[in-house]
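Structure record follows, encoded as C-alpha cells.
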Amino acid sequence: MSALMQATALVGRPVVTLAGDEIGQVKDVVYTVADGRVTGFTLAGRGLLAGPLRRALPWAGVHAVGPDAVMIRDEDVFTDRDELAERTELRDHNLIGGTVLTEGGTALGTVDDVVLDIGASADVVGYRLVTSEAIPPAGRSVLLPLPGKVAASGEALVVPESVAGLVVDDLAEFTAAVRSVRSVPEGERSCA
Amino acid sequence: MRLTEIDGRRVMAAGTAVTVGRVAGVVIDPRQGIVVALRVKGAPSGDTLRWADVSGIGADAVMVASPDAVGEAVDRTAEILGTKHEFVGKRLLTDTGSDLGLVIDVAFDEQDGAVTALHTEDGRIGDADLIGCGSYGVVVRRHA
C-alpha cells in the first residue's frame, strides 16, 4: 500500500521509535534526482525553534511514514547527515523555487513542493508548481506528474513539452494523471 | 480492573491484618504488555510491590501475604521505572504512525496482569499489542 503526499507536509513531522521515544522531527526530504528515489530525511531537534541534527535518517531505517509520525525501529538506524547528502546529488530543498522549463524552452512556473509516493519505497512522482502565463491563469498552484526521468538542478527542472497539458489541481486527480503519463512507452518520450 | 480503579486502593497484609500502604500507580512492561508491579506509597519498607507478590485484588483492598512484600524496585521493574514509563496522559500511536488520542486509562487482567485495553479520550482500544512506551507516546500494533 502506498500513499501520495507532499514533501512539505512531512516537514516537522515527529520521528518516533517503536519504543515510543521522540528523536526529532523531519527537516528535509533527501532524494536522488536521477531516479527520483527518496534516500532519507535530515532531522531537526524537537520543538519549534530546534536546530538541525548531525544525524540523519536513511530510508532503510524508516518503519512507517504515518499521518502523525514517522516511525523508526530504534536509535541505531541513523547515519551521518553529510554521509546521506553525499550519496545524494540534490536535496528537494534546492529545487524549491526553481523554474520548470519545457524542452522547448517555455517556463511553466516555479517549483513549490515535491509530490512523493510513499510505500515500501518512497519516490518522487511529481511537483507542485505555481504557474506562469504558459498555464493560465498565472499564479495558480497545480500538480505536475513527473514523466519518468527529468533533468534537474538547483536552478531548473526540464520536462517534456507534453506535460503542460497534464497538470491537475489536487492529489486525487494526480493518481490518475501519473498512471496515464507512465503508460506512454519509453521510446515515445523525448529525453532531455 | 482499570488503573484508575486500583489507584489509591489500600494494600493490606493478610498475615498481620495491617494496612501497609496505598496503591500509587502500576508499572507496565511495554514490551510484554503486562503489569509487573504496583507502586505503593506510605509503606516503610519501600515503594514497589511485585505483581507476583500480590495475593489478591478485592473490591476494597489489594492483599499481600506479609508487609515485607512491599520493597524497593529491582531488575526489570527498576529498569522500567528509569524510563518514561507512565501511560496516562501520553499519546497513543500505532506502529504505522497514526495518533489515536491521549491515553486516559489502562485495563488489565486481575489474574495475570496482562494489559487488555487502553482507553483514550475517544474510546477503548482493545485490538492492539503493546510495543513501547517512551517520551513521545505509547506505541501499539493493531491486529490486522
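The values are calculated or read from the model by the stated rules, or taken from the named source; none is laboratory data. Small disclaimer: the values here were computed from a predicted structure and weren't measured. FYI the Cβ positions are ideal-geometry reconstructions off the backbone, even for glycines, and counts take in every protein chain you see. Accessible surface areas use protein heavy atoms only, side chains included; no ligands, DNA or RNA. Shrake-Rupley method; radii C 1.70, N 1.55, O 1.52, S 1.80 Å.
Numbers below:
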read-out	value
Strands (runs of 3 or more DSSP E) (entirely within region A:91-163) containing at least 3 residues that are open to solvent by 40 Å² or more (accessible area, probe 1.4 Å)	A:107-118
Checking B:Glu72 against (1) within 15 Å of the chain's Cα centre (by Cα); (2) open to solvent by 60 Å² or more (accessible area, probe 1.4 Å), the condition it does not meet	(1)
Failed condition for A:Val65, given (1) within 11 Å of chain B (Cβ to nearest Cβ); (2) open to solvent by 10 Å² or more (accessible area, probe 1.4 Å); (3) within 22 Å of B:Thr83 (Cβ to Cβ)	(3)
For B:Thr19: the one exception among (1) touching a strand residue (DSSP E or B) at 6+ places or on another chain (Cβ under 8 Å); (2) open to solvent by less than 50 Å² (accessible area, probe 1.4 Å)	(2)
Test: residue in region B:85-96 that is assigned by TED's automatic domain parsing to the domain that holds B:Glu110, surrounded by 15 or more Cβ atoms within 10 Å (Cβ to Cβ) and at positive phi	no
Subset tally (residues that are open to solvent by 30 Å² or more (accessible area, probe 1.4 Å) and farther than 24 Å from B:Gly137 by Cβ) for region B:24-50	6
Count - residues of region A:1-23 that are at pLDDT below 95, open to solvent by less than 10 Å² (accessible area, probe 1.4 Å) and closer than 14 Å to A:Thr79 by Cβ	0
Spans of strands (runs of 3 or more DSSP E) in region B:73-125 with at least 2 residues closer than 17 Å to A:Gly20 by Cα and at the interface with chain A (Cβ under 10 Å from one of its Cβ atoms)	B:91-94, B:99-108
Any hit, region B:43-66, residues being at positive phi, within 10 Å of the chain's Cα centre (by Cα) and not in a helix (DSSP H, G or I)	no
Residues being in a strand (DSSP E or B) and more than 12 Å from chain B (Cβ to nearest Cβ) - total across region A:6-57	19
